[in-house]
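Everything below concerns the one structure shown next.
The values are calculated or read from the model by the stated rules, or taken from the named source; none is laboratory data. Owing to the predicted nature of the structure, the values given are computational and were not obtained by experimental measurement. When we count neighbours, we look across all protein chains shown, and the Cβ atoms used for this are built from the backbone with ideal geometry, even at glycine.
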Amino acid sequence: MWTYERKLQYPINIKNPNPAMAKFIITQYGGPDGEIGASLRYLSQRYSMPYRKVAGVLTDIGSEELGHFEMVSTIVHQLTRNMTIEQIKEAGFEDYFVDHTSGVYAQAAAGFPFDALCFASKGDAITDLTEDMAAEQKARTTYDNILRMVDDPDVIEPIKFLRQREVTHFQRFGEALRIVQDNLDSKNFYAINPEFDLR
């Protein structure tokens, strides 16, 4: 189903290690609004989606989120490679280092590991697409917060790219929600589940 190209969607070349920065950017890897949750959410929701075009949107965006997952892991890896013990201690990175050294591990900035509860697949087109729009806005807000915290242009540019993709995905999910609503009786599109009740 996928063709894997051995290149990132946006180039990343971080020259200076910075474990302090990695500590909060990792949340977009495995945190509650991160890229792994987004990809699993959309790729799971597509199976019960009753409208082929909308299932295609979920597949497209879910696949792209896997690429974003790869980008965030690359950022975290490049920020934590070649660290000195002094940098680790100075950044307060010891807890992570003890468990993972410089391996990339799916967790939130607060330190809790990725959990499948971070993504939803309800089996209701309206519910799922509304959740997806909210998820994209939460991820956009997280990227906004990251941009407020970073000062390295090598990190800022790929984060800005990822932030813009959240805006685009929000718009595409809004269009997908309109497709679902247009296929339902406008008087009751919040009263029935098109993935179940119309079969």
Among (1) over 11 Å from the mean Cα position of the chain (by Cα); (2) at pLDDT 95 or above, Asn82 falls short only on (2)
Of all the residues that make up region 155-170, how many are over 16 Å from the mean Cα position of the chain (by Cα) and buried (at least 18 other Cβ atoms within 10 Å of the Cβ)?
-> 1
Confirm whether Thr127 is out of contact with any Lys or Arg (no Cβ under 7 Å at 6 or more places or on another chain), surrounded by fewer than 17 Cβ atoms within 10 Å (Cβ to Cβ), over 18 Å from Glu64 (Cα atoms) and at pLDDT below 95.
-> yes
Conditions (1) under 30 Å from Ala176 (Cα atoms); (2) polar (S, T, N, Q); (3) assigned to a helix (DSSP H, G or I); number of the one not met by Gln9 | (3)
What pairs can you find where one residue is in region 153-180 and part of a helix (DSSP H, G or I), the other is small (Gly, Ala, Ser), and their Cβ atoms are less than 6 Å apart, with a gap of 6+ or different chains?
-> Glu166/Ala139; Val180/Ala125
Does at least one position in region 73-83 carry a residue that is surrounded by fewer than 16 Cβ atoms within 10 Å (Cβ to Cβ) and either among the charged types (D, E, K, R) or outside any helix (DSSP H, G or I) (or both)?
-> yes
Restricting region 106-152 to residues that are of a type in the set (D, E, K, R) and not in a helix (DSSP H, G or I), which is nearest to the chain's Cα centre (by Cα)?
-> Asp115
